[in-house]
Amino acid sequence: MRLRVEYSVGPELKFLANLDMMHLMERALRRAGIPYYLSEGFNPHIRLSMGTVLPVGIWGKHEYFDLDLAEMDREDFIYNMNLALPPALSIMDCQQIEENAPSLMKIINAAEYTFVIEAGLDLSDLTTRIMQQDTLPVQSRGKNKNVIKDLRPGIYQIRIDRDEAYDLLSLMVSINEPLNIRYDELQALFIEYGLFAKNIADIFRQGNYIKEDQQFYSPLKRV
């Protein structure tokens, strides 16, 4: 069988690189006694496929991986894995998917990044000015650092929420192909509109999504 698994990464692990996260999951699978499958060849490894990379320096509420394993009850999988994982990592849900289902990297095309902002700034004016622009050019922070990237086509929604001490600025954006928007490119954009790094207390990824027309779906809802 093949499972699509949803998990959360707490702020305590936000500096863990993607390869380290994969190794952590592999060790947890072994400790939990999960009947995972191994790849073939001279160097067999657990058939675990991580979803979109969680950038170093931010944490995530709804992250995903796919796993090939023998038959196992989904509730037992969640329970056993959470016993084996550190407190800052938690399996939230899982769903059996078809063996030939497309990979997470192929289907996830949107993400929501949330910036935790010190209270008192006029975020409504900032978001209005951003969404009114026809183009939003920033220098790419990806592999092609000399490229000027227009973020405007890939910024779908901006939402402002408030709690007792902070404002939460959340942006639903395009990721992967054809336009991959990084959280640090959004930070560079904010600087042009008067929001600086010193104003940002924390950053996390609210979730990863499959965008179809104007709707956004969890990868567990499109399996």
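None of the figures in this text is laboratory data; all of them are computed from the coordinates on show. Since the structure is predicted, the reported quantities are computational estimates derived from the model, not experimental observations. Ideal geometry is used to build each Cβ from the backbone, glycine not excepted, and the neighbour counts take in all protein chains shown.
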So the number of lysine pairs in the chain with alpha-carbon atoms under 28 angstrom apart, 8 or more residues apart or on different chains, is 26
Note on the chain, DSSP bridge orientation, antiparallel percent to nearest 5 equals 95
Normalised per residue, the volume inside the convex hull of the alpha-carbon atoms of region 108-217 in Å³ amounts to 106
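Run through region 114-194 and list the GluC sites (Glu not before Pro) located in a DSSP loop whose Cβ has at most 12 other Cβ atoms within 10 Å.
Sites meeting the loop and neighbour criteria: E164.
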Filtering GluC sites (Glu not before Pro) in region 2-97 by DSSP loop and by at most 11 other Cβ atoms within 10 Å leaves E40, E71
Here the longest stretch of the chain that holds no trypsin sites (Lys or Arg not before Pro) in a DSSP loop having at most 12 other beta carbon atoms within 10 Å is 1-142
T52 neighbourhood, Cβ < 14 Å, K/R = +1, D/E = -1, net charge +1
So the pair-distance distribution of the chain, from every Cα-Cα distance in 5 Å bins, comes to percents of 1, 6, 14, 17, 18, 15, 12, 8, 5, 3, 1, 0
To the nearest 0.05, the calculated FRET efficiency linking A70 and L220 through their beta-carbon distance, R0 being 30 Å, is 0.90
Summing +1 per Lys or Arg and -1 per Asp or Glu among the other residues with Cβ less than 12 Å from G142's Cβ gives +3
Per the Cα gyration tensor, region 62-114 corresponds to an equivalent ellipsoid with semi-axes, largest first in Å, of 21, 19, 8
